[in-house]
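**Q** Pasting a structure below so you can have a look.
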Amino acid sequence: MMGNCPQTDLFLVGFVTSSDCAFTHHGHQFSHGIDDLEGTRNAPAVQNIAFQKEYAWDGATSHLDLFPIIPITNEVEIGETVSNVIAKLKSDGEYPRLFAEAFENGEVNNEYFFKALSQFMVMMISSNSKYDKYVREEEGGTFSETEKLGLGIFKQKCATCHKMDLFTDDAFRNNGLPPYPGINDIGRAEVTGSAADNYKFKVPSLRNVAITAPYMHDGRFGSLESVLNFYDNGVQESETLDPILKQNNRLGIDLNSEEKAALIAFLNTLTDDEYLNDKRFAEY
Ligand code: HEC
């Protein structure tokens, strides 16, 4: 499974791509939309959405039912109108029957279209990684010494933001990435209009992280090693840098090479093959 995430065509509304890659757009720094137009952000992994309150890197919406409007109408994602999508579904050979089966008086309309999508997304729950089995003391959940060491370091140095067990605290924070040259993406501030939110992005869940490269909102890092090197020595000071990343008179998080290797071993235990191979989420 690892390293084997084929690039696929957009599935219906664009943000669900290949299940092999936890539904991220693998192999691209910026996710591509219609006509191969490039966006400025890397698609986050789709999983455990049911437990989140706000969606997208900047929390552009807190309504899961309405979320698909953003990629559908975004000119570099799907570049469509909702009414046109509904018209296409109405004239499709199969969808009208599926709507009729799913809903009482099941015509194809906006309400049912968005309900169907959000119902599908809330089913997508990842909770059977090796880490989950370790926590539940189940078969297949035996950690090596290195993985245990990594878990300890993670709890101490990462879990305030990547809060367990969802591996995100669902907050918007600035983790000290220098703004990407040529693209001044101010993140959460784009939604709130407040300078206090400059360069804050939603803390991403780290479930299935080993297979969802590239990393960060702009996909600037190609490996977990680069991410850890960044936390160790690349964090940039700014007015909105999270205070957690400027403690003990140093920027970032002190990590030696043994700690980095242990952290990566631990992050690998978050891969949930049962979720990734779930036939219900297969493309066709
Ligand atoms: C102060 C909060 C904070 C701390 C502490 C923190 N992170 Fe993060 N992390 C974030 C935020 C915010 C992002 C997203 C930043 C962005 O894309 O702009 C992120 C992104 C990541 C990503 C990229 C995930 C993806 O899907 O793109 C990885 C991997 C990661 N962090 C691992 C770690 C590890 C390992 C540690 C501990 C050594 C750690 N983080 C500590 C806030 C934090």
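**Q** Tell me, what HN-Hα J-couplings in whole Hz come from the Karplus equation 6.51 cos²θ - 1.76 cosθ + 1.60 at θ = phi - 60° for each residue of region 51-58, using x for Gly and Pro?
**A** Couplings: 9, 9, 9, 10, 10, 6, 4, 10 Hz.
**Q** For region 110-177, just list the percent of Cα-Cα distances falling in each 10 Å bin from zero outward, please.
**A** 17, 33, 28, 17, 5, 0
**Q** Mean shadow of region 130-273, computed from the convex hull of its alpha carbons, in nm²?
**A** Answer in nm², one decimal: 9.0.
**Q** Moving on to the next point. Would you mind ranking 211, 125 by Cβ crowding within 10 Å, fewest neighbours first? Show your work: numbers first, answer last.
**A** Values: 211 22, 125 14.
With the fewest neighbours first, 211, 125 line up as 125, 211.
**Q** Give 53/163; 53/260; 157/202; 53/246; 133/260 a once-over and call out the pairs whose C-alpha atoms are over 20 Å from each other.
**A** As for pairs spanning more than 20 Å Cα to Cα, those are 53/260; 53/246; 133/260.
**Q** A further question follows. If you rank 201, 281 by fewest surrounding Cβ atoms within 10 Å, what's the result?
**A** 281, 201
**Q** Can you list which of the chymotrypsin sites (Phe, Trp or Tyr not before Pro) found in region 92-199 are DSSP loop residues with at most 15 other C-beta atoms within 10 Å?
**A** Answer in residue order: 103.
**Q** Treating the beta-carbon of each Lys and Arg as +1 and of each Asp and Glu as -1, no other charges, what is the dipole magnitude of region 130-273 about its Cα centre, to the nearest 20 debye?
**A** Values: 16 positive and 23 negative charges, 50 e Å.
Once rounded to the nearest 20, the dipole reads 240 debye.
**Q** What list do you get for 144, 83 if you sort them by fewest beta carbons within 10 Å?
**A** 83, 144
**Q** Towards the positive end of the charge dipole of region 130-273, with charges on Cβ (+1 Lys, Arg; -1 Asp, Glu), say which of 208, 265, 255 has the farthest Cα.
**A** The one lying farthest along the dipole's positive direction is 255.
Coordinate-derived values only; no laboratory data. Predicted model only: the values in this text are computed from it and were never measured. Cβ sites come from the backbone with ideal geometry, for glycine too, and all protein chains shown count toward neighbours.
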